[in-house]
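What follows is a short report on a single structure.
The values are calculated or read from the model by the stated rules, or taken from the named source; none is laboratory data. These numbers come from a predicted model, not from an experiment. Every residue, glycine among them, receives a Cβ derived from its backbone with ideal geometry; neighbour counts consider all protein chains shown.
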Amino acid sequence: MNSIDNQTWARPILRSLAAAPGIEPVLQVRNLEVTYYTDAGRAKALDDVSFTLNAGEKLGMVGESGSGKSTLALAMMRMIKQPGRIEGGEVWVGNTELMSLDDEAMRKARLSRIAYIPQGAMNSLNPVTRIGAQLVDAVKSHLHGESRSAIEDRCAQALRSVDLDPSVSRMYAHELSGGMKQRVCIAIGILLSPQVIIADEPTSALDVVTQRQVMETIDRVKEQINAAVILIGHDMGLMAQFVDKVAVMYAGRLVEVSTVRQMFTEPKHPYARALISSLPNLDNKGVFQGIPGLAPSLLRLPGGCAFHPRCAHAMEVCSTNRPAVLTLKGGRVVTCHLFDAEAANVQSA
Amino acid sequence: MASIANTAGAAWMPAEVRQPGRLALLLRYLRRNKGLAIGLTILLLLVLFTIVGLLLGDPKHAYPLSAPTKRPPSWQYPLGTDFFGRNLLSAMAVGMWQTAVIGLLAGGIGTVIGVVLGFLSAYFGGWIDTSIRSICQILTPIPVLLIQVVVAGSLDKRDVTIYTMALIVVMLAWMGPTLVIRSQVLTMKERQFVSVAKLSGVSDLGIIFKEILPCLLPFIAAAFVGQVFAAVFASFYLAVLGLGPLREPLLGNIIWSAQTQGAFFNGWWWWPIEPAVAMILILGSLALIIMGLDELANPRVRRSE
Amino acid sequence: MSTTLKLIVRRLLFLILVIWSASTITFFVPRFSSRNAIRERFAELARTGGFSPDDLDKIIAAMQAQFGLDKPLLQQYGDYLWSVVHLDFGYSLNKYPATVLDLISQALPWTIGLLIVTTILSFIIGNLLGAIAAWPKAPQWMRFVATPFVLLTGVPPVLMGVLLLFFIGFRLKLLPLGGAYSIGVIPNWSWGFALDMGVHQILPGLALILGSVGGWVLSMRGMGVTIQGEDYVNFAEHKGLSGFRIFRDYYLRNALLPQVTGFALALGTVVTSAIVVEGIFGLPGVGTVLQNAIKSNDFPVIYGIVLFITIVIATLMVLLEFVYPLLDPRIRKQ
């Protein structure tokens with residue numbers, strides 16, 4: 001493992017705030033809404049999603065396919081394309097609100113303030129240009145006036161911090177293995193020391209050993225630049241090992257946000273509870289419990305709480321009123337009528 | 001490794017999402033895919049013109065000595081007449097009809113050959129694949145139009161009819177669709193749904209017709225339009241060189257006879273210009289349709305309102 | 001090293017097979033027709049010159065012997081292939097004793113310049129337009145510009161040439177009506193002559209370019225539509241690259257690759273169009289030679305030219321295949 005000269009390279013260049021770890025929230029998402037207008041109707045992919053992250057914190061985002069995890073990532077990067085539209089909400093990275101930026105400013109913010117590491121790096125690298133060129137053009141697009149050698153140094157450092165030899169710069173994408181390509185994408189993601197890094201299922205296509213390597217790399221670079229990391233995935237085991245907080249999405253809504261320990265020991269939301277209890281564990285081998293029913297189509301969401309048709313604890317009010325996003329003690333967030341009273345107590349306390 | 005399990009139960013099923021009617025979807029799509037819409041409209045107008053022309057006019061007027069010669073467009077002769085006394089209105093209608101016949105016939109044959117060969121080649125692989133593919137590749141650099149000139153030039157003038165034209169035109173045109181269909185079938189062969197079908201015991205023939213063919217339809221459609229385009233273009237080219245069925249009022253023939261009689265320099269501008277415009281519209285609309293079908297075949301580009 | 005050698009051998013084999021197929025088609029097709037070139041030629045001569053029918057048969061027999069047409073088919077075929085290899089296309093019926101090759105080499109210089117410039121220009125313009133047409137971030141007006149060019153594909157260069165000649169040459173008298181150079185001027189190596197020649201090439205060049213651009217626009221647009229959906233184009237946007245950079249380095253560079261393969265093939269199409277365009281403008285190129293040959297049923301010339309062009313195109317295709325690995329790192333050998 002190479003040791004890196006943290007002082008010169010890790011110094012954040014584009015941050016306007018000097019954020020001491022863990023004190024100032026570096027990412028605030030407020031009431032984000034995204035709708036897709038399809039031939040078959042309107043699908044609300046994100047419904048009033050809000051959460052906060054501090055520098056150096058890791059958030060795991062879990063949910064079934066179609067729950068809105070990737071949409072959330074794309075929305076934060078303002079990369080939602082037709083027929084989707086961002087209809088409301090704010091995304092604060094440090095002092096900057098991303099939704100209010102014009103196109104050019106948002107382009108500059110990408111990679112420098114908030115970086116996205118794609119799912120399936122297999123095809124994310126340009127097949128006809130060298131790896132080095134792809135790192136360099138990312139730098140050149142944001143920092144003007146840096147000398148060639150400074151740019152080269154920066155790229156070399158980035159490669160080294162993901163455990164790749166800088167000679168990789170001269171290679172082409174098809175000459176690298178899957179894990180190496182993924183690490184190149186991570187290197188690109190950290191080139192400009194962004195405040196927020198979103199890793200979208202970075203390990204899905206990889207074998208277990210490479211998975212671990214990649215996760216450790218992400219951890220390490222996070223330490224170096226003190227970024228907030230959002231890890232999107234559906235592998236609960238991986239989440240348990242690597243994140244601080246877990247957010248659960250269902251049908252476009254954020255139904256629970258808790259610390260990883262709380263999530264795995266005493267989840268609040270019935271969906272989260274069902275998820276956790278469906279995880280196989282060593283005590284009841286061979287007994288598999290699923291969640292009855294199917295996730296609803298976003299085009300025809302049930303009235304009231306989206307989960308109520310499958311919920312074992314559904315009440316009258318669940319089919320008529322949408323549950324509000326409630327804050328419980330300790331900062332836990334849950335969206336469920338079961339906790340209306342508890343949240344009210346926390347409020348008044 | 002633990003993942004989120006999601007086994008189906010019968011507890012609750014989401015309500016059916018009502019899809020808007022097929023026609024509504026089609027119209028909405030055409031609104032977006034303007035190229036396709038314009039191309040189809042122009043083609044429709046041309047078809048209407050041809051049908052009206054054939055019904056209202058007398059097809060015999062499309063041949064020489066049926067009308068006073070060299071008349072410019074007027075009320076009596078809306079498109080004028082030419083040196084040989086052909087009523088250009090009827091001539092154009094008949095000519096377009098004949099062009100359509102050649103195009104559809106040659107296009108159809110070419111597409112069928114392409115689909116069959118491409119399919120056989122991709123599905124069975126092995127030496128069938130290698131031989132078909134090699135033949136296609138070897139024949140490709142040969143300038144097709146020139147060979148067609150050779151063939152057409154070798155024929156006795158009396159043997160050249162619309163149908164022989166169609167055959168000449170299709171002779172070297174089928175390689176394109178063959179290779180395209182072949183590569184599409186190859187990609188599909190590898191895809192999971194074919195393996196699944198095989199595993200469930202569906203017969204080879206069943207797989208072909210029920211799984212692969214439906215996915216191939218947009219490509220077959222595009223190949224067909226492309227073949228029609230190539231056929232019309234080639235027949236026009238041969239006719240302009242004077243190698244077509246000279247008696248027939250094929251659009252290319254009209255231009256050829258106009259050129260040989262020095263139409264422009266004698267001031268009979270309408271004689272070559274009208275078939276020229278018609279040909280431009282035909283080929284242009286086909287080209288737009290091809291462009292539109294491109295978009296259709298690539299689902300990534302389809303956008304909703 | 002041996003892989004490269006194997007590749008070269010394969011390419012050469014391909015070349016040989018192409019030329020062989022073209023020659024075979026050109027050999028057998030006319031021989032299966034019911035027309036007899038020599039008989040027709042001399043029948044025509046007899047009509048205009050007025051000599052008696054008995055002598056006619058003897059003359060025809062003699063000519064046939066001269067052309068080797070009385071030998072058994074297979075032997076003719078063998079002789080034919082042998083001569084093709086030597087680029088000996090035989091004698092022209094019409095302009096005897098000029099050989100086909102003589103006629104071609106005289107006409108070739110006039111054609112080459114026009115062809116090369118037109119093909120390169122229409123490749124560049126067409127592909128750029130096609131790429132822009134498929135690029136969602138390009139301004140709307142730019143994308144609509146591509147459509148009329150596609151419509152132009154419907155205008156074969158023939159017609160385009162006629163129209164241009166009529167409107168710009170005849171009516172507006174802006175550019176010359178034809179010929180490779182002005183009447184009365186003697187070809188020489190001066191700049192003045194070069195300019196004169198250049199001016200005469202504008203209309204035919206324009207006719208060819210306008211007619212072939214559409215094809216490139218269409219195919220590049222199709223390619224562009226596929227490429228822009230690729231993950232690496234998406235990631236490039238995530239990286240915050242400027243639109244121009246993404247267009248050039250991620251989108252264009254990848255979409256052009258398959259188009260390059262089509263370039264040699266396109267030459268074939270431009271050549272066939274050039275043939276007729278030359279006729280309209282009276283340029284003394286290979287196309288005019290061919291048109292005259294068609295008019296006068298000068299079969300050896302017709303077949304010779306077709307073969308010659310095929311050989312040239314096939315050779316270019318093979319050469320291009322060696323250029324391809326330089327552009328696409330994925331096919332470079334280890």
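Within 14 Å of chain A (Cβ to nearest Cβ) and modelled with pLDDT of 80 or more - does that describe any residue in segment C:297-305?
Among the residues of segment C:297-305, not one is within 14 Å of chain A (Cβ to nearest Cβ) and modelled with pLDDT of 80 or more, which makes the answer no.
Only one of C:Phe281, C:Phe247 is closer than 30 Å to A:Arg110 by Cβ and either under 21 Å from the mean Cα position of the chain (by Cα) or of a type in the set (Phe, Trp, Tyr) (or both). Can you tell me which?
The unique qualifying residue is C:Phe247.
Please tell me if C:Ala134 is among the hydrophobic types (A, V, I, L, M, F, W, C) and either at pLDDT 70 or above or closer than 30 Å to B:Ile38 by Cβ (or both).
It is true that C:Ala134 is among the hydrophobic types (A, V, I, L, M, F, W, C) and either at pLDDT 70 or above or closer than 30 Å to B:Ile38 by Cβ (or both).
For residues that are among the aromatic types (Phe, Trp, Tyr) and within 12 Å of chain C (Cβ to nearest Cβ), scanning just segment B:224-235, find the one that is farthest from B:Gln148 (Cα to Cα).
Here the answer is B:Phe229.
Would you please list the contacts, defined by Cβ atoms under 7 Å and residues six or more apart or on different chains, that run from a residue in segment C:226-249 that is at the interface with chain A (Cβ under 9 Å from one of its Cβ atoms) to a residue that is among the β-branched types (Val, Ile, Thr) and buried (at least 18 other Cβ atoms within 10 Å of the Cβ)?
As it stands, the answer is C:Val233/C:Ile227; C:Val233/C:Ile246; C:Ala236/C:Ile246; C:Glu237/C:Ile246; C:Lys239/A:Ile188; C:Asp249/A:Thr129, since those pairs meet every condition given.
Per-residue answers, yes or no, for (1) surrounded by 19 or more Cβ atoms within 10 Å (Cβ to Cβ); (2) of a type in the set (A, V, I, L, M, F, W, C):
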residue	(1), (2)
A:Met106	yes, yes
A:Arg113	yes, no
A:Asn126	yes, no
A:Ser149	no, no
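Of the residues that sit in segment B:129-149 and are assigned to a helix (DSSP H, G or I) and hydroxyl-bearing (Ser, Thr, Tyr), which one is nearest to the other protein chains (Cβ to nearest Cβ)?
B:Ser134
Quick one: which of A:Ala247, A:Ala240, A:Ala228 is at pLDDT 85 or above, surrounded by fewer than 23 Cβ atoms within 10 Å (Cβ to Cβ) and among the small types (Gly, Ala, Ser)?
A:Ala240
Working only within segment B:91-101, note down all residues that are of a type outside the set (S, T, N, Q) and over 10 Å from the mean Cα position of the chain (by Cα).
Within segment B:91-101, B:Ala91, B:Met92, B:Ala93, B:Val94, B:Gly95, B:Met96, B:Trp97, B:Val101 qualify.
Pairs, please: C-beta under 8 Å, at least 6 apart or cross-chain, first residue in contact (Cβ under 8 Å) with a residue 40 or more places away in the chain and in segment C:4-23, second among the aromatic types (Phe, Trp, Tyr) and part of a helix (DSSP H, G or I)?
Within 8 Å, the pairs are C:Arg11/C:Phe322; C:Ser23/C:Tyr80.
Give segment A:210-226 a look and list any residue that's among the β-branched types (Val, Ile, Thr) and closer than 25 Å to A:Ser65 by Cα, or say none.
A:Thr210, A:Val214, A:Ile218
Restricting to segment C:281-301, give me the number of residues that are in contact with a Pro (Cβ under 8 Å, 6 or more places away or on another chain) and closer than 22 Å to B:Ile255 by Cα.
2
If I ask for residues that are among the aromatic types (Phe, Trp, Tyr) and either without any contact (Cβ under 8 Å) to a residue 40 or more places away in the chain or surrounded by fewer than 23 Cβ atoms within 10 Å (Cβ to Cβ) (or both), which ones from segment C:262-301 would you list?
C:Phe263
With a cut-off of at least 3 residues that are within 18 Å of B:Ile254 (Cβ to Cβ) and either of a type in the set (S, T, N, Q) or within 14 Å of chain A (Cβ to nearest Cβ) (or both), name the helices (runs of 4 or more DSSP H) lying wholly within segment B:22-128.
In segment B:22-128, B:88-124 are the helices (runs of 4 or more DSSP H) which contain 3 or more residues that are within 18 Å of B:Ile254 (Cβ to Cβ) and either of a type in the set (S, T, N, Q) or within 14 Å of chain A (Cβ to nearest Cβ) (or both).
Among the residues that make up segment C:247-261, is at least one of them assigned to a helix (DSSP H, G or I), modelled with pLDDT under 80 and either surrounded by fewer than 20 Cβ atoms within 10 Å (Cβ to Cβ) or of a type in the set (D, E, K, R) (or both)?
For segment C:247-261, residues assigned to a helix (DSSP H, G or I), modelled with pLDDT under 80 and either surrounded by fewer than 20 Cβ atoms within 10 Å (Cβ to Cβ) or of a type in the set (D, E, K, R) (or both): present.
Exactly one of (1) within 14 Å of another protein chain (Cβ to nearest Cβ); (2) within 29 Å of A:Leu238 (Cβ to Cβ); (3) in a helix (DSSP H, G or I) is unmet by A:Ser297. Its number?
Unmet for A:Ser297, out of (1) within 14 Å of another protein chain (Cβ to nearest Cβ); (2) within 29 Å of A:Leu238 (Cβ to Cβ); (3) in a helix (DSSP H, G or I): (3).
Please tell me if C:Val270 is closer than 30 Å to B:Trp256 by Cβ and not small (Gly, Ala, Ser).
Yes.
Find the strands (runs of 3 or more DSSP E) located wholly in segment A:213-274 whose residues include 1 or more that are more than 21 Å from A:Pro25 (Cα to Cα) and more than 13 Å from every other protein chain (Cβ to nearest Cβ), and list them.
A:253-259
Mind checking which residues of segment A:79-90 are in contact with a strand residue (DSSP E or B) (Cβ under 7 Å, 6 or more places away or on another chain) and either free of Cβ contacts under 8 Å to residues at least 60 places away in the same chain or crowded, with 23+ Cβ neighbours inside 10 Å (or both)?
Hits for segment A:79-90 are A:Ile80, A:Pro83, A:Gly84, A:Arg85, A:Ile86, A:Glu87, A:Gly88.
With the structure loaded, tell me whether A:Gln182 is at the interface with chain C (Cβ under 10 Å from one of its Cβ atoms), of a type outside the set (Asp, Glu) and either surrounded by fewer than 20 Cβ atoms within 10 Å (Cβ to Cβ) or within 24 Å of C:Glu230 (Cα to Cα) (or both) or whether it fails that test.
no
Give just the number: which of (1) without any contact (Cβ under 8 Å) to a residue 40 or more places away in the chain; (2) within 11 Å of chain B (Cβ to nearest Cβ); (3) under 22 Å from the mean Cα position of the chain (by Cα) does A:Pro302 not satisfy?
Here A:Pro302 meets the rest and fails (3).
From the list A:Ala75, A:Ala133, A:Ala105, A:Ala115, which residue is in a helix (DSSP H, G or I) and either under 21 Å from the mean Cα position of the chain (by Cα) or away from chain C (no Cβ under 14 Å) (or both)?
A:Ala75
Every residue, every condition in (1) modelled with pLDDT of 80 or more; (2) within 10 Å of another protein chain (Cβ to nearest Cβ); (3) touching a Leu at 6+ places or on another chain (Cβ under 9 Å), yes or no:
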site: A:Arg310; (1), (2), (3): yes, yes, yes
site: A:Pro323; (1), (2), (3): yes, no, yes
site: A:Gly331; (1), (2), (3): no, no, no
site: A:Val346; (1), (2), (3): no, no, yes
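Quickly run through segment C:284-298 and pick out the residues that are of a type outside the set (D, E, K, R) and in contact with a Ser or Thr (Cβ under 8 Å, 6 or more places away or on another chain).
Within segment C:284-298, C:Gly285, C:Val286, C:Gly287, C:Ala293 meet the criteria.
When segment B:236-255 is examined, which residues are found to be more than 10 Å from every other protein chain (Cβ to nearest Cβ) and crowded, with 18+ Cβ neighbours inside 10 Å?
B:Leu238, B:Ala239, B:Gly244, B:Pro245, B:Glu248, B:Pro249, B:Leu250, B:Leu251, B:Asn253, B:Ile254
Considering each residue of segment A:161-192, count those that are among the polar types (S, T, N, Q) and touching a strand residue (DSSP E or B) at 6+ places or on another chain (Cβ under 9 Å), and give that number.
Going through segment A:161-192 one residue at a time, the tally reaches 2.
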